[in-house]
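The structure under discussion appears below in the form of structure tokens.
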Amino acid sequence: MKISLKDLTAKIEKQDYIEDLETVKYADISKSKARMHELATKLVKETRAALKHSSLSHVALEISGQRPVVFALESNIINLPYSNYKKIANFFEAGKDYPVAIYFETQSEYLNASGFRIDQIATEEEIEQDQAEIADRLSEAMQEKIKQIREYQKPSASAKKKPATKNTAKTKKTTTKKTK
């Protein structure tokens, strides 16, 4: 599927794309790689179905619990989330068609300083040719991100850099009036 910059931004602006969100608890996936793989396969199938219908998609999996995380697969021409679609015009020329790729997004305040990561997981051709391979790749990536999230240590307030302070103490000169 190829899409022009104009059509892409119009579809995102009008939310004219396939959107799905599933929510599970950490307890449902924490000890089951098979369950994680099942969820990854579902995300890949929904993305592939959207591509077959020449539609954009944003399918997501929210994992709730102590350290919540949202995983999403988005079809786009660049590794920018739909929420930043206005910036896409900075990177592409109008009037040309661009191939759509599939991007894997991770959002969690326990992921890194920005709380966000996006990576290309597949091209349209790859997802068409071997859906199972993409699901395997996605499942492994999701498990790796969960591990990162569980091990993430937020910088403590005392560890943050304190701004340098200037010595601004001024001395006042006092004069005394002498009377005759």
- Message: Take the conditions open to solvent by less than 20 Å² (accessible area, probe 1.4 Å) and of a type in the set (Gly, Ala, Ser) and apply them to residue 27. Does it pass?
- Response: no
- Task: Could you check how many residues of segment 40-71 are touching a strand residue (DSSP E or B) at 6+ places or on another chain (Cβ under 7 Å) and without any contact (Cβ under 8 Å) to a residue 24 or more places away in the chain?
- Result: 0
- Looking at (1) among the polar types (S, T, N, Q); (2) within 19 Å of residue 140 (Cβ to Cβ); (3) free of Cβ contacts under 8 Å to residues at least 60 places away in the same chain, which is the only condition residue 15 fails? (2)
- All helices (runs of 4 or more DSSP H) inside segment 1-87 with 3 or more residues being over 20 Å from the mean Cα position of the chain (by Cα) and closer than 23 Å to residue 146 by Cα: 26-29, 33-52
- Query: Within the set of pairs 6+ apart or on separate chains, which have a first residue in segment 118-139 that is more than 17 Å from residue 56 (Cα to Cα), a second that is β-branched (Val, Ile, Thr) and open to solvent by 70 Å² or more (accessible area, probe 1.4 Å), and C-beta atoms under 6 Å apart?
  - Reply: none
- Task: Say whether the condition of being touching a strand residue (DSSP E or B) at 6+ places or on another chain (Cβ under 7 Å), farther than 19 Å from residue 29 by Cβ and in a strand (DSSP E or B) is met by at least one residue in segment 122-135.
- Result: yes
- Item | Conditions (1) open to solvent by 20 Å² or more (accessible area, probe 1.4 Å); (2) polar (S, T, N, Q); (3) over 16 Å from residue 10 (Cα atoms): number failed by residue 84 | (3)
- Reported set for segment 115-136 where residues are open to solvent by 70 Å² or more (accessible area, probe 1.4 Å), within 17 Å of the chain's Cα centre (by Cα) and over 19 Å from residue 98 (Cα atoms) is 117
- Item | Which listed residue, of 13, 46, is open to solvent by less than 60 Å² (accessible area, probe 1.4 Å) and among the acidic types (Asp, Glu) | 46
- Message: Here is a check on your reading of the model: is residue 96 among the basic types (Lys, Arg), open to solvent by 50 Å² or more (accessible area, probe 1.4 Å) and in contact (Cβ under 8 Å) with a residue 40 or more places away in the chain?
- Response: yes
- Query: With respect to residue 88, is the statement that it is touching a strand residue (DSSP E or B) at 6+ places or on another chain (Cβ under 6 Å) and either over 20 Å from residue 119 (Cα atoms) or touching a residue at least 40 places away in the same chain (Cβ under 8 Å) (or both) true?
  - Reply: no
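The values are calculated or read from the model by the stated rules, or taken from the named source; none is laboratory data. Please read these numbers as outputs of a predicted model, since none were measured by experiment. In this analysis, Cβ positions are derived from the backbone assuming ideal geometry, glycine residues included, and neighbour counts consider all displayed protein chains. Heads up: the accessible areas ignore ligands, DNA and RNA and are worked out on the full protein's heavy atoms, side chains in. Shrake-Rupley method; radii C 1.70, N 1.55, O 1.52, S 1.80 Å.
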